[in-house]
Amino acid sequence: MRKIHPTAILSGEVELEEDVEIGPYSVLEGNITVARGTKIGARVSIKGEVQIGSDCKIYDGAVIGEEPQHLRYGGEKTKVIIGDRVIIREYVTIHRGTTFGTGVTIVESDVMLMAYAHVAHDCLVKRGAIMANCATLGGHVEVGEYAFIGGLSAVHQWARVGDYAMVGGVSGVSLDIPPFTRASGQHAHLYGINTVGLERRGFSKEKINILKKAYRILFRSNLLKKEAIELLLKDYGEHQEILRLVEFIQSSKRGVARDAGKIL
């Protein structure tokens, strides 16, 4: 059975599956689908073309699908897609995509967005990622699987945070943060491998040690990037984690953050 509070307003083409709950004074306006078991709290605003998966929990005051904060946006038809089991805490904002981006803002399954977090237009937040309170993404940002972005941190538009990476609180990310690493600072720099996070996700000691060796070759040796990658692939190229790390670095358009020791 669906439970819709009598003060909630639904307009447009709103499709609700079984066991969906909508709290008081929430507004769903547009082409919206909500899959089974999702619970929407009070005073939530969902606008435009929005697809929400199953068993999500959306807390009071969240705003999903609002127009992007971009001067070039002219009301084009774009959308938001949210996966399954996503937790969206109080006053989170998720804006729809743009036609000069991907056209869609995506939050994949099992993501947690803590209170006041912001996901801007055309962002991709991958499976299992966590954004702590007031963490902010500029437009076109990509956050990798099981990455963590600390509270009050901001990621510059077009930047990427790799899989299993950790960004410390009150940080500013303007360059790409490679997978498996940890970074922090006003202009975030790297501080080694995200050992604790990898252990919690079930990575073996052997894999973590290999990633530590790879980090030293890439970021703490005096080798040129090309030379470091060649050595890395020669010694550890059979490991998928190493291939993922190398691919991320080679595909970077903004550039990769430097090791903190390199700036002293």
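The values are calculated or read from the model by the stated rules, or taken from the named source; none is laboratory data. Computed from a predicted structure; not experimentally measured. Cβ placement follows ideal geometry from the backbone for every residue including glycine, while neighbour counts extend to all protein chains displayed. Surface accessibility is based on the protein's heavy atoms, side chains included, excluding ligands, DNA and RNA. Shrake-Rupley method; radii C 1.70, N 1.55, O 1.52, S 1.80 Å.
General remarks:
- Within segment 238-256, the set of residues being in contact with a helix residue (DSSP H, G or I) (Cβ under 7 Å, 6 or more places away or on another chain) and in a loop (DSSP other than H, G, I, E, B) comprises HIS239 only.
- Scanning segment 152-164 for residues that are open to solvent by 20 Å² or more (accessible area, probe 1.4 Å) and either touching an Asp or Glu at 6+ places or on another chain (Cβ under 8 Å) or part of a loop (DSSP other than H, G, I, E, B) (or both), we see that the one that is farthest from ILE106 (Cα to Cα) is LEU152.
- Against the test of being open to solvent by 10 Å² or more (accessible area, probe 1.4 Å), charged (D, E, K, R), within 10 Å of the chain's Cα centre (by Cα) and under 27 Å from SER204 (Cβ atoms), the options ARG182, ARG127 yield a single qualifying residue, ARG127.
- Qualifying strands (runs of 3 or more DSSP E) (wholly inside segment 71-112; at least 2 residues being over 21 Å from GLY37 (Cα atoms), modelled with pLDDT of 95 or more and open to solvent by less than 50 Å² (accessible area, probe 1.4 Å)): 93-95, 104-107
- Restricting GLY202, GLY192 to residues that are at pLDDT 95 or above, closer than 30 Å to LYS234 by Cα and either among the charged types (D, E, K, R) or part of a loop (DSSP other than H, G, I, E, B) (or both) narrows the list to GLY202.
- Count of segment 1-32 residues which are assigned to a loop (DSSP other than H, G, I, E, B) and open to solvent by less than 90 Å² (accessible area, probe 1.4 Å): 8
- Selected residue (criterion: most open to solvent (accessible area, probe 1.4 Å)) from residues of segment 33-70 that are of a type in the set (D, E, K, R) and closer than 16 Å to MET1 by Cα: ARG36
- Residues of segment 219-237 that are open to solvent by 30 Å² or more (accessible area, probe 1.4 Å), among the hydrophobic types (A, V, I, L, M, F, W, C) and part of a helix (DSSP H, G or I): LEU231, LEU233.
- Qualifying positions in segment 205-218 - open to solvent by 70 Å² or more (accessible area, probe 1.4 Å) and either more than 21 Å from VAL161 (Cβ to Cβ) or part of a loop (DSSP other than H, G, I, E, B) (or both): LYS205, GLU206, ASN209, LYS213, ARG216
- Just so you know, in segment 238-264 the residues that are of a type in the set (A, V, I, L, M) and open to solvent by less than 50 Å² (accessible area, probe 1.4 Å) include one that is farthest from TYR164 (Cα to Cα), and it is ALA260.
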